[in-house]
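See structure below.
Values in this text are rule-based calculations from the coordinates and carry no lab data. Remember, predicted model here, so these are calculated numbers, not experimental data. In this analysis, Cβ positions are derived from the backbone assuming ideal geometry, glycine residues included, and neighbour counts consider all displayed protein chains.
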Amino acid sequence: MSTLALLGGEPIVKKRLGSTWPVFGAAEEKLLMEAFRSGKWCRLVYKEKDVQSMVTRFEDAFAAYCGTAYAVAVTNGTQALECALKAAGVKPGEEVIVPALTFVATATAVLLVGAKPVIVDVDPATYNMNPAAAEAAITPRTKAIIPVHNGGYPADMDRINAIAAKYGLRVIEDCAHAHGSEWKGKRAGSLGHFGCFSFQQGKTMTAGEGGIVLTNDKELADLAYSFHNIGRVAGRPFTDFYNVASNLRMTEFQGAVLLGQLSRLDEQIEIRERNIAYLAEGMQTIAGVKPLRRTPEVTRWSFYYWNFHYRAAELDNLPRHVFIEAMEAEGVPVMRGAHGNPIYHHPVLKTNSDVIVADCPEAERIAATEALALGHAVLLAEKEDMDLILAAMEKISHHAGELLKRVG
Ligand SMILES: Cc1ncc(COP(=O)(O)O)c(C=O)c1O
């Protein structure tokens, strides 16, 4: 096998792998221009009275896609979580359980409503919240649980919902990575009391920024509506305000672009799923890398990024960061997986006395040495690109000893 690119050899990949991001075209442009030319750029009135609104159309389409009865489109994913927490009735001083491996906003949204995030360990098989760790962290002050579908892999919603039912807690799914993922045939966002999504630039559907809160409960939907619209109450006079709340309304431009983006999602998920099945199969015989086991409950896996395990011990203990550098030199962009360090390492959470941290040995180990990931745009590709990724992995695996001697 030829010399590693990191050691001066020819890289395996000599072109861009996968797609540029975002993917957009005539569908988004037409809808966007329709919104622009209408001169009505803001959805102010209650949605039932404004069925032509792009935001209303997007809410209805996305709720139907995810299998919920109600949707409230908002400014971004962080504020979707804040809106859901307020609508769930989470009050200052109450506790909300979140996983250690996620984006910081899963926990800061809790602080932003005055409550306390309780950070618990993850399951090493899925990198999602460990339900047993969540149950162990429950106190009389616990009000809600926020499972995150890390990378798009659905959290164990059966166990989390059973725990929530046992203790009378609200479940707010953080679906920022999971547009279209399914757990036992039901879509992410429809599995708890609320589902919160982000449509920020890097997400698998985007309008640059944006978010949405989904629910099947009319009362909770009305509360979310009020908390996203400066405290107005649906069906009551537009000039009256009932709750202390911010303006989280999505613009008509975002609604238009997202309607276009939604029309692309199924095909993109299909391509990524097909490619991952192929990659996972091909990796079986490559030392040092191992796919996460996909359980039968995961009936659809929409990848924001694909986490997989790095097994340094199979490569003479080649450090993970050297493997990443070697993959990058071969032309394959690989990241540390599972969203980086456990969130309690962020200065904002480390220094906040309202943050409660449980023991998280798995999250520590996974973040420090084990998790790797491929991004969703890389997976939007032809099968030949997956062959190149496998060839790069195989090449590094084969030369691990040599690489160690040079770097170590
Ligand atoms: C898991 C998770 N939750 C919440 C958010 C927040 O979304 P936004 O950036 O739209 O505020 C993100 C964004 O990256 C995320 O990854």
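Each principal axis of the Cα atoms in segment 56-156 has its own extent, and those three values, largest first, are 41, 34, 21 angstrom.
Legend: residue pairs Lys30/Lys203; Lys116/Lys203; Lys166/Lys290; Lys184/Lys395, Cα-Cα distance threshold 29 Å; pairs beyond threshold, Lys166/Lys290; Lys184/Lys395. Annotation: peptides 341-354, 187-200, ranked by per-residue average of other Cβ atoms within 10 Å with the highest first, follow the order 187-200, 341-354.
Let's test the formula: R0 of 41 Å, r as the Cβ-Cβ distance of Val104 and Glu314. What FRET efficiency results, to the nearest 0.05? Taking R0 as 41 Å, the efficiency between Val104 and Glu314 is 0.80.
Between the Cα long axis of helix 320-329 and the first principal axis of the chain there is an angle of about 80°, rounded to the nearest 10.
Against the main long axis of the alpha-carbon atoms of the chain, helix 252-283 sits at an angle near 30°.
Determine the sum of side-chain charges near Thr108: Lys and Arg each +1, Asp and Glu each -1, restricted to other residues whose C-beta is under 13 angstrom from that of Thr108. Once positives and negatives cancel, what remains is -1. For Asn352 and Asp217, the difference between the fully extended length at 0.36 nm per residue and the C-alpha to C-alpha distance is 45.2 nm.
Look at the alpha carbon pairs under 8 Å that are at least 6 residues apart: their mean separation over the length of segment 248-369 gives a relative contact order of 17 percent. Out of Asp240, Asp385, Asp50, any idea which swings most in a Gaussian network model of the chain, alpha carbons joined below 10 Å? Ranking Asp240, Asp385, Asp50 by mean-square fluctuation puts Asp240 first. R0 = 30 Å: FRET efficiency of Glu34 with Glu270, Cβ-based, nearest 0.05? That pair, Glu34 with Glu270, gives E of 0.60.
Full extension of the chain between Asn243 and Glu281 yields a length gain of 8.4 nm, computed as 0.36 nm times the residue separation minus the alpha carbon distance. Straight-line reach from Lys91: which aspartates and glutamates have a Cα under 17 Å away, not including same-chain ones fewer than 8 places off? Those aspartates and glutamates meeting the cut-off are Glu82, Asp354. Averaging the Cα positions of each part gives two centres, and for segment 158-226 and segment 335-408 these lie 26 Å apart.
Per-residue packing, averaged as other Cβ atoms within 10 Å, sorts the ranges 373-381, 81-89 into the order 81-89, 373-381, beginning with the highest. Helix 77-87 and the longest principal axis of the C-alpha atoms of the chain enclose an angle of approximately 40°. Highest average first, the peptides 96-103, 307-314 ordered by how many other beta carbon atoms sit within 10 Å of their residues are 96-103, 307-314.
Measuring between their Cα centroids, segment 112-133 and segment 1-77 lie 28 Å from each other.
Remark on Leu4: its backbone amide H falls under 5 Å from those of Gly9, a criterion applied only to residues 5 or more positions apart or on other chains, H modelled at 1.01 Å from N.
Listed by chain and number, the aspartates and glutamates whose C-alpha is less than 17 Å from the C-alpha of Lys15, apart from same-chain residues fewer than 8 away, are Glu328, Glu330, Glu382, Glu384, Asp385, Asp387.
Could you work out how much longer the chain between Ala61 and Ala132 gets when fully extended? Use 0.36 nm per residue separation minus the Cα distance between them, nm to one decimal.
Full extension from Ala61 to Ala132 adds 22.0 nm.
Within the listed set Glu173, Glu34, Glu273, the residue fluctuating most in the Gaussian network model of the chain (springs between alpha-carbon atoms under 10 angstrom) is Glu34. Counting only aspartates and glutamates at least 8 places from Lys405 when in the same chain, those with an alpha carbon closer than 12 Å to its own are Asp316.
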